[in-house]
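Engineer: First the structure, which I've put down as structure tokens, then a few questions once you've had a look.
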Amino acid sequence: MLHVHSLKTDYSKDPEGVGKSPHFGWILEGDGTGIRQTSFRFQLAQDDAFSIVLFDSGVVLSDESAHYVPDDLPLTPANRYYWRVRIVDNRGRESGWSDPATFVTSLLDRPWQAEFISAETDADADSSRGTRVFRSYRLEKPVRAAYAFTTALGVYHFYINGQKVGDDQLAPGWTSYHHRLLYQTYEITRLLTSGENEFSALLGAGWYKGEMGFLHNRNNYGKKTAFLCQIELYYTDGSRETLCSDASWQGQDTPVLFSEIYHGETYDARQDFCNPYPVSTVPFAMSCLEAQSDCRVRVMETFPVREIIKTPRGETVLDFGQNLTGCVRLSVSGRAGEEVVLRCFEVLDRDGNVYTENLRSARQTIRYILRGGERETYQPLFTFQGFRYVHVEAFPGEPAAEDFTALVIHSDMEQTCTFETSNEDVNQLYHNILWGLKGNFLDIPTDCPQRDERLGWTGDAQIFCPTACFLMNTYVFFRKWLRDLAADQTPEGGVPHVIPDIISTKSNVSDNWLLKSGAHSAAAWADAAVLNPWNLYLAYGDCRILEEQYDSMRAWVEFMHRHADGPVWRYQLQFGDWVALDAEEGSYYGATPNDLIASAYYAFVTGIFARIAAILGREEDHRTYAALHHEIVEGFHTRFFRADGSMTADTQTAHIIALHFGLVPEQWREKTAAHLVELLQKEGGHLVTGFVGTPYFTYALSENGYLREAYDLLLRDDFPSWLYQVKMGATTVWEHWDGIKPDGSMWSADMNSFNHYSYGSIGKWIFRVAGGIDTDEACPGYRRVRIAPRAGGNLSFVRTVYRSLYGDVRVSWQKSEENLVLELTIPCNAEALIDLSPYTILDSGVLCFTDGTALAGSGKYRILCRAAQ
């Protein structure tokens, strides 16, 4: 009748590496409607039988089920804990105890005794060869529990007695290493044996010292890879011992002759680990170390070869059927010294041949040299590629499909959305948007996974964040990235274009054709500092992200204020409406003036920040920035609207952002929206917008009485449109509307990614307007769901499911002749504000509607209505 499940610690299931004040959440289910939690009891124990209870909350009179933070939990470093919860609902029913959840604490405040050790010297600065560090320890007593705390300068795999520890890939990930370096926590009890135990790590260049960025710099953070390991042993006799990496370990060369993020890996299986040599210790500021509890990079899916193709040029090509990010695992038999050479790429050219020009300098090549003898299996250790196709440049014998498997690699996040319509092209668009996220959320939100870039561009992450939060639980992912954004801000509060920042401080940035005009603080890009925390708050209802990022947000708003000329904000390089189709020939900049775009974002973000200050009780800041927002909006009216109500910039994007950001004088709103439709019709019903205008186009239409036009825009399938890419066979979202032109030719190879999630930001409108599921700012985190589906286009049905922190929200609608049938599910401990004001309610069941709206508690509902005439 009533039970509790899906227990999460800091948004994760059974994480390892938890800090001092974890958040706990759970989902409750019960029969009936309007079910709410009225109280709960929480227990923390040392064992899963709860024979030794360390903390008991007693009965807590609270409906909190998503963000419970107990006071003074008795947590100690390097320990496993178990917790459970039981609840009482508003009908007086009591659940049984939930199944227990578990977590392992990090080192917390226990000091580091280990040292970073390296098998490299400064002479290896230009080397991207893999190295190994190792040491054996003898365990004389039975071990009750053991935990390892490890990280690297570079990327690493950790082994005990030859067995890999954990399933992480590319650990410790990419952070602003000089400010923050994450370490990983592992329980290793079962991997230890009595007597000798060998601890080892394989190290690669990774983001730390390999070539990174289109400036082609290497050694961005240091010249030597290094490994850090601290092992805490708890013996059955009650004693404890700490084992540490130090100068007593040894180093070795490895079969990894070369490995870099962009260029792939060369592995010579003929080479053994031999000839050990001394390691050196590497100085590092240990205060920069932070525990990573979850959202680690892992192999998340696998794909078999769908087809082996012989191109017109005679090339052998593997087609995996999906553009993805990861690597290829291969199995091969042959003689010692024979080679497998694989080149990964995204698309075939118009003639069906291998096309790699859009990779620029990235080689994306895997080279494996056989040991010879038995069948050999290999997958790359320290690199990843973006690809659908693989050119088999060399292989002993004839390659077969079963010799290859594509491994999909990205940060481990729970998928929280399913979406289906009657239109298969729209379903494929949803698929493409989802796979754009999977392909680019690899530890940081990258712009693309294939060319010599793969950077955390702030603008892409900003416009896609609301969509991403619907597709997967991205709280931990974005929280980690936002900490790096704050760490990399300039002393004045400016925000670099890419996070982590490996661009703005480089001496050769002035040589770049684009960034020589400015390497930080562009409107829409830098505004990720405020808009991403805000969208996380709306999606998850967790004020913690606002508190943590508050100083960063305020510094950015102050930076804009300091460099503004009254209401007009401009600063050095502005990307404007990047790659808009109304740009001049040969230009990346759209036709909408940069000062209009920058000033619009200045107003919008300042207003958001004022609301954040109010939420956090910062009343003085709220008054200050609310007043500033009012001044900017008034100045925007004066600067960018004429006396007759027309805008000074006659572009789609100018009208879109003015409408969506609330910057149109109320008396001119209807006229502005009507003219936007005229501008759309002028282009034959097509958008010509870029990165700034596209995310909000359908909103600007549907919010202002033009729902039909919004659906028409979504459902167009000729160039340029979202569905044009679908018709062209895309399995991810492209960087350009015409990445592949109707005649099969390519957009310019210098900037033409076929896995670029930015234009996937349409997902926000699809899920919230067509699907009907939205957040409520007054009660965020889907504690109160706003349900307002708007049927349209040629869609006969839409089914949307969102897994919130409270359970599944389900909204489906289906057209039945002139009527609309809606079926809704609201999870326990949540409620919904249902807005069907455009419709005539024919049968609402138990729900009572007033002026087209109703407030509903948990339960399942069926509503019959008719579109208003």
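Engineer: With r as the distance between the Cβ atoms of Asp109 and Arg375 and R0 = 51 Å, compute the FRET efficiency 1/(1 + (r/R0)^6) and round to 0.05.
Structural biologist: On the way: r = 50 Å, r/R0 = 0.98.
Once the sixth-power term is evaluated, E becomes 0.55.
Engineer: Using only alpha carbon pairs under 8 Å that are at least six residues apart, calculate the relative contact order of the range 140-199 and give it in whole percent.
Structural biologist: Working: 78 pairs, mean separation 28.3, N = 60.
Here the relative contact order equals 47 percent.
Engineer: What distance in nm separates the simple spin-label points at Phe273 and Ser21, each placed 7 Å from Cα in the Cβ direction?
Structural biologist: With each label placed 7 Å out from Cα toward Cβ, I get 4.2 nm.
Engineer: Shifting gears a bit: How far apart, in nanometres, would the label points at Asp63 and Ser748 be if each is projected 7 angstrom from Cα along the Cα-to-Cβ direction?
Structural biologist: Modelled inter-label distance: 5.6 nm.
Engineer: Run the numbers on the range 811-869 and let me know its relative contact order in percent, using alpha-carbon pairs under 8 Å that are six or more apart.
Structural biologist: Values: 117 pairs, mean separation 25.1, N = 59.
The value is 43 percent.
Engineer: Checking the cross-link filter: which aspartates and glutamates have an alpha carbon closer than 20 Å to that of Lys224, excluding same-chain neighbours under 8 positions apart?
Structural biologist: Glu115, Glu120, Asp122, Asp124, Asp126, Glu211, Asp246, Asp253, Glu260, Glu265, Asp501
Engineer: For the chain, build the charge dipole from Cβ charges (+1 Lys, Arg; -1 Asp, Glu) around the Cα centre, then report which of Gln428, Ser245, Ala603 sits farthest towards its positive end.
Structural biologist: Highest projection toward the positive end goes to Ser245.
Engineer: With Rg and the Kirkwood Rh both taken from Cα atoms, where does Rg over Rh land for the range 159-228?
Structural biologist: Working: Rg = 15.1 Å, Rh = 14.2 Å.
When Rh is taken as the Kirkwood radius, the ratio is 1.06.
Engineer: Please list the three semi-axes, largest first and in whole Å, of the ellipsoid equivalent to the range 492-627, using sqrt of 5 times the eigenvalues of its alpha carbon gyration tensor.
Structural biologist: Values: eigenvalues 156, 57, 41 Å².
Over the Cα atoms of the range 492-627, the ellipsoid semi-axes are 28, 17, 14 Å.
Engineer: If you don't mind, there's one more thing I want to ask. Give me the dipole magnitude in Debye, nearest 20, for the range 134-210 about the Cα centre, with unit charges on the beta carbon: positive for Lys and Arg, negative for Asp and Glu.
Structural biologist: Values: 8 positive and 6 negative charges, 29 e Å.
In debye, rounded to 20, the range 134-210 gives about 140.
Engineer: State the answer as a single residue: which of Val579, Leu407, Tyr699 lies farthest towards the positive end of the charge dipole of the chain, with beta carbon charges of +1 for Lys and Arg and -1 for Asp and Glu, about the Cα centre.
Structural biologist: Leu407
Engineer: Another question, then. Would you work out the charge dipole size for the range 715-788 about its Cα centre, treating the Cβ of every Lys and Arg as +1 and the Cβ of every Asp and Glu as -1, and quote it to the nearest 20 debye?
Structural biologist: Values: 8 positive and 9 negative charges, 86 e Å.
For the range 715-788, the charge dipole is close to 420 debye.
Engineer: Consider just the alpha-carbon atoms of the chain and return their Rg together with their Dmax, both in angstrom.
Structural biologist: According to the Cα coordinates of the chain, Rg and Dmax are 27.9, 87 Å.
Engineer: Any idea how far the Cα center of the range 646-702 sits from the one of the range 325-383, in Å?
Structural biologist: What the calculation gives is 47 Å, centre to centre.
Engineer: Taking the alpha-carbon centroid of each part, what is the distance from the range 229-300 to the range 829-855 in angstrom?
Structural biologist: When both Cα centres are located, 58 Å separates them.
Engineer: Taking the Cα centre of each part, how many Å lie between the range 489-552 and the range 579-608?
Structural biologist: Using only Cα atoms, the two centres lie 17 Å from each other.
Engineer: Of the listed peptides 536-549, 636-649, 136-149, 597-610, what is their order by residue-averaged count of other C-beta atoms within 10 Å, with the highest listed first? Intermediate results must be reported in sequence, preceding the final value.
Structural biologist: Numbers: 536-549: 20.5, 636-649: 14.3, 136-149: 16.2, 597-610: 25.4.
Going from most to least packed, we get 597-610, 536-549, 136-149, 636-649.
Engineer: When the C-alpha atoms of the range 631-685 are aligned to their principal axes, what extent does each axis show, in angstrom, from largest down?
Structural biologist: 37, 20, 17
Engineer: So which of Lys8/Lys164; Lys13/Lys480; Lys13/Lys438; Lys727/Lys815; Lys438/Lys764; Lys209/Lys438 end up more than 23 Å apart by C-alpha?
Structural biologist: Values: Lys8/Lys164 26 Å; Lys13/Lys480 18 Å; Lys13/Lys438 20 Å; Lys727/Lys815 26 Å; Lys438/Lys764 17 Å; Lys209/Lys438 25 Å.
Long pairs (Cα-Cα over 23 Å): Lys8/Lys164; Lys727/Lys815; Lys209/Lys438.
Engineer: Could you pull the accessible area for Cys469 with a 1.4 Å probe, rounded to 10 Å²?
Structural biologist: Using a 1.4 Å probe on the heavy atoms, I get roughly 10 Å².
Engineer: Applying a 10 Å radius around every beta-carbon, put 280-291, 226-237, 672-683 in order of their mean neighbour count, most first.
Structural biologist: The peptides rank, most packed first, as 226-237, 672-683, 280-291.
Engineer: Okay, next question. Accessible area of the range 733-869 with a 1.4 Å probe: how many percent of it is carbon plus sulfur?
Structural biologist: Numbers: 2300 of 4920 Å².
That share works out to 47 percent.
Engineer: Work out from phi, with θ = phi - 60° and the Karplus expression 6.51 cos²θ - 1.76 cosθ + 1.60, the ³J(HN,Hα) of each residue of the range 830-838, listed in order in whole Hz, and give x for Gly and Pro.
Structural biologist: 9, 9, 9, 9, 9, 10, 10, 4, x
Engineer: To the nearest 0.05, what FRET efficiency results for Ala125 and Asp72 with a Förster distance of 56 Å applied to their C-beta separation?
Structural biologist: On the way: r = 48 Å, r/R0 = 0.86.
So, using R0 = 56 Å, E works out to roughly 0.70.
Engineer: For the chain, with only Lys/Arg (+1) and Asp/Glu (-1) charged at the beta-carbon, what is the dipole magnitude about the Cα centre, in debye rounded to 20?
Structural biologist: Working: 78 positive and 113 negative charges, 185 e Å.
That gives the chain a dipole magnitude of about 880 debye.
Engineer: Now, a different point. Express the relative contact order of the chain as a whole percentage, based on alpha carbon pairs under 8 Å and six or more residues apart in sequence.
Structural biologist: Numbers: 2174 pairs, mean separation 89.5, N = 869.
Dividing the mean separation by the residue count of the chain yields 10 percent.
Engineer: Moving on to the next point. Return the distance in nm (one decimal) between the two label points of a simple spin-label model at Arg363 and Glu420, each offset 7 Å from Cα along Cα→Cβ.
Structural biologist: Computed distance between label sites Arg363 and Glu420 equals 4.6 nm.
Engineer: Extension gain Val568-Ala627, at 0.36 nm per residue separation less the Cα-Cα distance, in nm? Don't skip to the answer; put the middle values down first.
Structural biologist: Details: separation 59, 0.36 × 59 = 21.24 nm, distance 1.57 nm.
Taking 0.36 nm per residue and subtracting the Cα distance, the gain is 19.7 nm.
Engineer: Rounded to the nearest 0.05, what FRET efficiency is calculated for Glu634 and Lys516 with R0 set to 35 Å and r the Cβ-Cβ distance? Please list the in-between numbers first.
Structural biologist: Working: r = 35 Å, r/R0 = 1.01.
In this case the efficiency is close to 0.50.
Engineer: Could you sort 110-123, 263-276 so that the peptide with the highest average Cβ count within 10 Å comes first and the rest follow in order? Can you show the working numbers first?
Structural biologist: On the way: 110-123: 17.9, 263-276: 15.9.
Output ranking for 110-123, 263-276: 110-123, 263-276.
The values are calculated or read from the model by the stated rules, or taken from the named source; none is laboratory data. Worth saying up front: this structure is predicted, and the values here are computed from it rather than measured. Heads up, the Cβs are rebuilt from the backbone with ideal geometry, glycines too, and the neighbour counts pull from every protein chain shown. Keep in mind that these areas ignore ligands, DNA and RNA; they rest on the heavy atoms of the full protein, side chains included. Shrake-Rupley method; radii C 1.70, N 1.55, O 1.52, S 1.80 Å.
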